[in-house]
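Report on the following structure.
Bear in mind these aren't lab numbers, they're just calculated from the coordinates by the rules spelled out. These figures come from a predicted structure and were not determined experimentally. Here the Cβ positions follow ideal geometry from the backbone for every residue, glycine too, while neighbour counts run over all protein chains shown.
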Amino acid sequence: MKLLVTFSRKKGSKPIIAQVVRDTGVLINVERAIIDSSEGEALIDVPDDQCQLVRNTMISLGANVQTLEHGISVNESECVDCGACISICPREVFSLDSHWKLQLAEEKCVICGKCIEACPQQALTLPI
């Protein structure tokens, strides 16, 4: 399960992800992170059966946590299968099948938004 974690250094300077790993024993895969001296945002992947434990522990440490049920989504009535999203995606989320129809491997998405900017039809949306 993917969690989008946002935090402010104003609430404390502890390394939240490391603290959660230590306290829960749950291994966390950081898929994307943007952190500066005052705040941060991280997209993490945790085992489904331990998602609630990780989420609650992060919230207790002062983080805001959003559970993401889905990655990027395609509005099929707008998509023209042009493939503009394929070349820009750093995680190979998009591909074309043998009939030149766009395919989506949503579980690979790190919600970077690059494909949204590249889509000439504005057929892609993020879950947030």
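A cut-off under 12 angstrom between Cβ atoms defines the neighbours of Gln121, and their net charge, with Lys, Arg +1 and Asp, Glu -1, is -3.
With 0.36 nm allotted per residue and the present C-alpha distance subtracted, the Ser38-Gln19 stretch has 5.0 nm of extension available. In the chain, taking the dipole from charged Cβ atoms about the Cα centre, the farthest positive-side position among Phe7, Val54, Thr125 is held by Phe7. Remark: relative contact order (the chain) = 25 percent; criterion is Cα-Cα distance under 8 angstrom and separation of 6 or more residues. Percent of Cα pairs in the chain per distance bin of 10 Å, from zero to the largest separation: 12, 39, 26, 17, 5, 0.
Tell me which GluC sites (Glu not before Pro) from region 1-95 have a DSSP coil assignment and no more than 12 other beta carbons within 10 Å of their own.
Details: sites: Glu31, Glu39, Glu41, Glu69, Glu76, Glu78, Glu92; in loops: Glu69, Glu76, Glu78, Glu92.
Those satisfying the criteria are Glu69, Glu76, Glu78, Glu92.
With contacts taken as Cα pairs under 8 Å and at least 6 residues apart, region 73-125 reaches a relative contact order of 45 percent. Among residues other than Glu69 with Cβ under 14 Å from its Cβ, the summed charge is -2 (Lys and Arg +1, Asp and Glu -1).
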